[in-house]
Amino acid sequence: MIEVQGLVKKFGEFVAVDHISFSVGQGEIFAFLGPNGAGKTTTIKMLTTLLRPTGGSVSIDGINPFVKQNEARKRFGVVFQDPSLDGDLTAAENMELHGVFYHVPHKLRIERTEMLLRQFELWERRNDRVKTFSGGMKRRLEIARGLLHTPKILFLDEPTLGLDPQTRNQLWTHVKHLNETERTTVFLTTHYMDEADRVAHRIAVIDHGRIVALGTPQQLKQQTNTDSLEAAFLALTGTTIRDEAAGSADQMRQMAKLWGNKR
């Protein structure tokens, strides 16, 4: 479903992503892990057409997303770190707006909205404004919305950041169920190693823009002779606290220029 070959992204002289290659199969839950500033979010933004690569190639369900952008976007749903819901609209209205944007037929919009809101335990709150929701409810709604147009791939960029353990567990239970029942491919990033260990079929670890390990959670533990994914992660990436500021000035200037050109 996802094929990446020699992918590169530079911001000025700063190399955020440095010739990475990997593939993700249909129905796979694939975790993309790395320290702060390692290149995770930059990679997701390239995979979801928000950033154009400096070099290399990407294929989404057999489509080049930089040649057929709209066709590629129909293939995936995405939940970024930053909230993107309209708090003044109800849950049902947020779902409806998304469905219209993706040209989902009216009858199917109604059916999928009810199914997903029930699945994510939000149906009883469908007519409430989103600004009254808890953080966990908003995250569940964002994921439900991302699945409305029946995407083949769901990108989740740190979807449980800041949520309590109970809500995190509930959210992953829902995601795993949809992965199993609809064969949705899931590409996720998280800083919670226990989550990746529990839900991911395979894991890629990126550090300083390069993939330093790729395999199942068990394979990574065996490779590093450790007994937990967190210990394996630290063995692969080190224990030094990372500073995201490195290269951030160039990156922010490039991002501002990109969005300015799109308006």
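Points to keep in mind about this one:
- Flag if Ala196 is among the small types (Gly, Ala, Ser), at negative phi and either part of a strand (DSSP E or B) or touching a Cys at 6+ places or on another chain (Cβ under 7 Å) (or both): no
- Criterion: surrounded by 16 or more Cβ atoms within 10 Å (Cβ to Cβ) and either more than 20 Å from the chain's Cα centre (by Cα) or more than 22 Å from Thr184 (Cα to Cα) (or both) - qualifying residue of Leu108, Leu51, Leu89, Leu97: Leu51
- The lone exception for Leu214 - which of (1) part of a strand (DSSP E or B); (2) buried (at least 21 other Cβ atoms within 10 Å of the Cβ) it fails: (2)
- Any hit, the range 150-166, residues being part of a helix (DSSP H, G or I), surrounded by 19 or more Cβ atoms within 10 Å (Cβ to Cβ) and touching a Leu at 6+ places or on another chain (Cβ under 8 Å): no
- Checking each residue of the range 107-120 against the condition of being modelled with pLDDT of 95 or more and in a loop (DSSP other than H, G, I, E, B) gives no match.
- Looking only at the range 6-38, residues that are over 22 Å from Thr216 (Cβ atoms) and either among the small types (Gly, Ala, Ser) or assigned to a strand (DSSP E or B) (or both) come to 14 in all.
The values are calculated or read from the model by the stated rules, or taken from the named source; none is laboratory data. The structure presented is a predicted model; accordingly, all values stated were derived computationally and were not measured. Neighbour counts run over all protein chains shown; Cβ positions are idealised from the backbone, glycine included.
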